[in-house]
Amino acid sequence: MKKTALLIIDAQYDFCNPQGTLFVPGAQEDIARLTRLIALEGDKLDSIFVTLDTHKVLDIAHPLFWQDQNGNTVAPFTLVTLASVKSGKWTPRYHQEYVTWYLETLEEQGEFQHFIWPEHCLIGSKGAALDDSLLEAILAWTHRTGRDYVAVQKGINPLTEHFGVFKAQVPVASAAETELDYAFLNNLNAFDQVLIAGEARSHCVATSIAQIIRYAPELVPKVTVLSDCMSDVPNWGHLADPIFEDAAQKGMTFTKSGSISF
């Protein structure tokens with residue numbers, strides 16, 4: 001039997017519950033399928049890793065970090081470009097020189113534009129906690145198998161976006177938590193098979209897949225993406241599609257949670 005790890009990306013209240021501040025439609029059904037997998041096939045899982053998106057209120061991608069020309073806080077889902085900042089349309093309330101450099105760097109990458117999100121997954125908040133039913137399934141698995149789950153925080157540094165679980169979009173100088181997490185990648189490489197699920201497919205899952213392709217290509221053939229255990233932020237699925245197509249061409253497996261080969 002293959003030595004198998006399950007990597008669950010950001011399956012937290014704010015993404016998975018309709019009352020969450022950044023609810024991903026479809027996440028409840030994703031979680032139901034995922035908890036069923038853990039309940040029925042958990043004895044075949046050697047490890048479970050969960051990543052936890054974790055933010056401060058004054059985050060570069062949260063409203064309160066920004067203001068408009070009248071001093072008003074910027075609304076969620078606002079696009080902030082370098083040009084709009086230079087024109088004075090939007091102004092960061094903190095670290096202005098750094099933010100200009102950050103936006104330049106982000107736009108040069110060409111992967112993401114800078115969007116302002118609703119405050120989500122705030123440290124210590126209910127929104128940052130794992131989905132209740134998923135946690136119950138994982139705890140039952142731990143008590144049944146004697147194997148503890150491993151939690152990995154991301155996004156804690158307020159000066160950069162951290163979609164992918166292995167590296168921030170723009171690493172912050174002298175902030176190790178934003179650099180490429182070689183230890184995490186090495187941990188996953190110790191397995192014969194790595195199952196990946198979580199939220200949202202369009203952002204954190206897709207970026208994590210892209211980071212595996214870029215930084216740990218030897219891991220690609222070991223990865224099985226559970227396509228029925230992830231959903232897109234509405235109208236953003238186009239971000240993930242080319243990444244998933246590239247991954248499939250490079251040998252990554254895509255299947256549904258009821259069709260896994262252990």
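The values are calculated or read from the model by the stated rules, or taken from the named source; none is laboratory data. Note that the structure is predicted; figures quoted are calculated from it, not measured. So basically every Cβ, Gly included, is an ideal-geometry build from the backbone, and we count neighbours across all protein chains shown.
Checked against the criterion of being in contact with a Gly (Cβ under 7 Å, 6 or more places away or on another chain) and at pLDDT 95 or above, segment 104-123 contains one or more residues that satisfy it. Within segment 127-158, restricting attention to residues that are surrounded by fewer than 21 Cβ atoms within 10 Å (Cβ to Cβ) and under 28 Å from P92 (Cβ atoms), the residue that is nearest to the chain's Cα centre (by Cα) is Q153.
If we scan segment 93-104, do we find a residue that is surrounded by 15 or more Cβ atoms within 10 Å (Cβ to Cβ) and in contact with a Phe, Trp or Tyr (Cβ under 6 Å, 6 or more places away or on another chain)? There is no residue in segment 93-104 that is surrounded by 15 or more Cβ atoms within 10 Å (Cβ to Cβ) and in contact with a Phe, Trp or Tyr (Cβ under 6 Å, 6 or more places away or on another chain).
Residue check: is L188 farther than 19 Å from D131 by Cβ and either modelled with pLDDT under 95 or not polar (S, T, N, Q) (or both)? In short, yes.
Select the helices (runs of 4 or more DSSP H) contained entirely in segment 153-262, then report the ones holding at least 1 residues which are in contact with an Asp or Glu (Cβ under 7 Å, 6 or more places away or on another chain), farther than 26 Å from D43 by Cα and not polar (S, T, N, Q).
Details: elements: 182-189, 206-215, 237-249.
Counting at least 1 such residues, we get 206-215, 237-249.
Residue-wise test of (1) surrounded by 20 or more Cβ atoms within 10 Å (Cβ to Cβ); (2) in contact (Cβ under 8 Å) with a residue 60 or more places away in the chain.
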{"site": "L195", "(1), (2)": "yes, yes"}
{"site": "S202", "(1), (2)": "yes, no"}
{"site": "R214", "(1), (2)": "no, no"}
{"site": "C229", "(1), (2)": "yes, yes"}
{"site": "V233", "(1), (2)": "yes, yes"}
{"site": "E245", "(1), (2)": "no, no"}
{"site": "S259", "(1), (2)": "no, no"}
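Of the residues making up segment 38-75, those that are hydrophobic (A, V, I, L, M, F, W, C) and assigned to a strand (DSSP E or B) are I48, F49, V50, L52, W66.
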